[in-house]
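Single-structure report; data block below.
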C-alpha cells in the first residue's frame with residue numbers, strides 16, 4: 001500500500017484472486033467506493049480514494065496477515081535568522097544545529113515571522129509493517 005504526495009488515490013497491491021478483489025474491496029469499504037484497476041502501470045495496482053487508508057490497511061492486514069505500508073509526508077525545516085547568522089557553536093533553536101551558521105543554505109528559506117524561517121517542503125517516506133490485529137495510526 002502506498003500514499004504518495006501529489007496523488008489523490010492510494011495505490012494497493014494484492015495477489016490475484018480470480019476477480020474477487022473488487023468484491024472484497026466493496027465488502028470492506030462499501031458499495032459506493034469506486035476502486036480503479038490500473039493495468040497501465042507496472043506493477044499493476046488498485047487505486048482507491050485516500051480517505052479509506054486506515055480501513056483498507058486494517059482490512060488488508062487481517063486478510064493477508066502482514067502488509068507493507070509506505071506513506072509520504074511533506075516536511076519543512078524551521079530555523080531562525082539568529083541561528084543561521086551565528087558565528088559560535090551554541091545553537092538553541094529547533095534545528096538543533098543542522099542549519100547553524102548558514103549551513104543548509106540550499107534549502108530555499110522563506111521568512112514567515114520577524115526572524116523565523118521555513119524551508120521549501122521536502123518529501124519524506126516512512127515504511128510501516130502492519131500485522132494482523134495491529135491498530136494502524138498514520
Filter result (part of a strand (DSSP E or B) and more than 20 Å from the chain's Cα centre (by Cα)) within segment 1-47: 36, 37, 38
Test: residue in segment 66-76 that is in contact with a strand residue (DSSP E or B) (Cβ under 6 Å, 6 or more places away or on another chain), in a helix (DSSP H, G or I), at pLDDT 80 or above and under 30 Å from residue 33 (Cβ atoms): no
Residues located in segment 48-63, provided they are outside any helix (DSSP H, G or I) and surrounded by fewer than 17 Cβ atoms within 10 Å (Cβ to Cβ): 49
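The values are calculated or read from the model by the stated rules, or taken from the named source; none is laboratory data. Please read these numbers as outputs of a predicted model, since none were measured by experiment. Using ideal geometry, Cβ is built from the backbone for each residue, glycine included, and neighbour counts are taken over all protein chains shown.
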